[in-house]
Amino acid sequence: MVDSNKIEELLSSIPPLPKTLQMVIKALNSDDLTKAAKITQEDHALTFYLKKLVNKPYFGFGSQVENITQIYGALGVLRAKQVINSYMISLILPRSWVLFDLSKEGFEDLQISTIEAWEAILIKLEIKDWEISLSSTMLPASIIVCERLFGEYENELRILKEQRFITADKILKNRTGEGFFDIAIKIAKLWMMPQKSIDILESSSIKESRERHKKEIVQISKYLHLLFFHITSKPKFIRAKLNDIIDLDIEFIEDVEDRFYEIAKELD
């Protein structure tokens with residue numbers, strides 16, 4: 001079925017970021033929205049993606065926004081970075097979904113739901129740190145990798161889940177020693193994500209890493225660990241067969257669970 005070599009083979013097939021995208025990220029890291037817009041206009045695929053995504057209801061524009069400079073200005077640096085990360089992930093989307101009942105639009109909905117929920121959580125926790133804000137954007141990328149890993153073994157995976165009542169995450173860990181969050185960490189490192197984002201992902205997954213990371217990072221990672229479990233438990237994502245993707249670490253998150261669901265209740 002799936003083994004660790006398959007994960008490495010799959011991750012090695014993920015292309016490096018295009019030069020244009022690297023330049024946009026560099027401009028955003030310098031808080032230069034005007035330069036980011038100018039570079040974006042040279043990339044037709046990125047321009048199309050931005051126009052399509054930011055005109056969704058979540059971003060709250062009263063009317064259709066077509067001008068790239070206006071789009072960046074309205075988004076601001078942090079949201080622009082989140083959207084660019086979402087675009088990066090869209091570059092590795094499968095042409096068709098086998099394991100999960102998703103479409104391109106359904107996956108975009110998953111991305112926006114994740115960004116929206118994480119943003120709301122950080123506001124409630126009074127955390128203003130763009131590196132921490134970006135950590136959630138890597139989670140949907142792991143869905144793509146899981147799709148590619150298990151897609152050709154759909155029947156075997158279904159039988160395993162039915163017989164043993166375990167998640168895809170647990171099966172992945174049993175077979176390879178690495179789970180959902182571990183894949184997100186690998187992709188984050190491959191795409192040179194900010195260190196705090198990587199630290200939060202590591203703390204969400206690797207028990208040993210929690211000893212070397214700051215206490216506040218570990219505490220925030222508990223919310224991230226719960227976040228994707230909560231999102232994929234929504235009816236529309238249950239229908240997409242995403243509800244058993246995460247193997248929730250109850251012991252790890254128990255001290256923040258009540259606060260998390262208090263915040264989540266305001267979102268739903």
### Query
Which order, highest average first, do 16-28, 78-90 follow once you tally other Cβ atoms within 10 Å for each residue and take the mean per peptide?
78-90, 16-28
### Query
Among I220, L267, F100, whose Cα lies farthest out toward the positive end of the dipole of the range 91-267, if unit charges sit on the beta carbon of Lys, Arg (+1) and Asp, Glu (-1)?
F100
### Query
Tally Lys/Arg at +1 and Asp/Glu at -1 over every other residue whose Cβ is under 15 Å from the Cβ of F59; what's the total?
0
### Summary
With +1 at each Lys and Arg Cβ and -1 at each Asp and Glu Cβ, the charge dipole magnitude of the chain around its Cα centre, to the nearest 20 debye, comes out at 600 debye
### Message
Shape verdict for the chain, please, from the Cα gyration tensor: rounded (a/c under 1.5), prolate (a/b greater than b/c) or oblate.
### Response
prolate
### Task
Would you look at the GNM of the chain, springs on alpha carbons closer than 10 Å, and say which of E257, E202, E216 moves the most?
E216
#### Entry: Shape call, the range 190-232: gyration tensor on alpha carbons, a/c limit 1.5
oblate
### Surrounding net charge for K104, when Lys and Arg each add one and Asp and Glu each subtract one, Cβ distance under 11 Å
-1
### Task
Report, to the nearest 10°, how far helix 68-90 tilts away from the longest principal axis of the Cα atoms in the chain, using its own Cα long axis and a range of 0 to 90°.
30 degrees
### Task
Report, to the nearest 10°, how far helix 19-29 tilts away from the longest principal axis of the Cα atoms in the chain, using its own Cα long axis and a range of 0 to 90°.
80 degrees
### Task
Take the chain, connect every pair of alpha-carbon atoms lying under 10 Å apart with a spring to form a Gaussian network, then pick out the residue of K35, K186, K222 with the largest mean-square fluctuation.
K35
### Message
Ignoring solvent entirely, what values of log10 I(q)/I(0) come out of the Debye formula for the range 19-82 at 0.12, 0.16, 0.24 Å⁻¹ when each Cα is a single scatterer?
### Response
-0.25, -0.45, -1.01
### Task
Count the net charge of all other residues whose Cβ sits under 10 Å from the Cβ of S204, scoring Lys and Arg as +1 and Asp and Glu as -1.
-2
### Task
Give me the angle, in degrees from 0 to 90, between the Cα long axis of helix 180-190 and the longest principal axis of the Cα atoms of the chain, rounded to the nearest 10.
40 degrees
### Task
Once you have a ≥ b ≥ c as the square roots of the Cα gyration tensor eigenvalues for the range 1-109, tell me rounded if a/c is under 1.5, and otherwise prolate or oblate according to whether a/b is larger than b/c.
oblate
### Query
Using the per-residue mean of other Cβ atoms lying within 10 Å as a proxy for protection, in what order, highest first, do the peptides 67-77, 143-153 fall?
143-153, 67-77
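Every number in this text was worked out from the coordinates using simple rules, so none of it is lab data. All values reported here derive from a predicted model rather than from experimental measurement. Neighbour counts run over all protein chains shown; Cβ positions are idealised from the backbone, glycine included.
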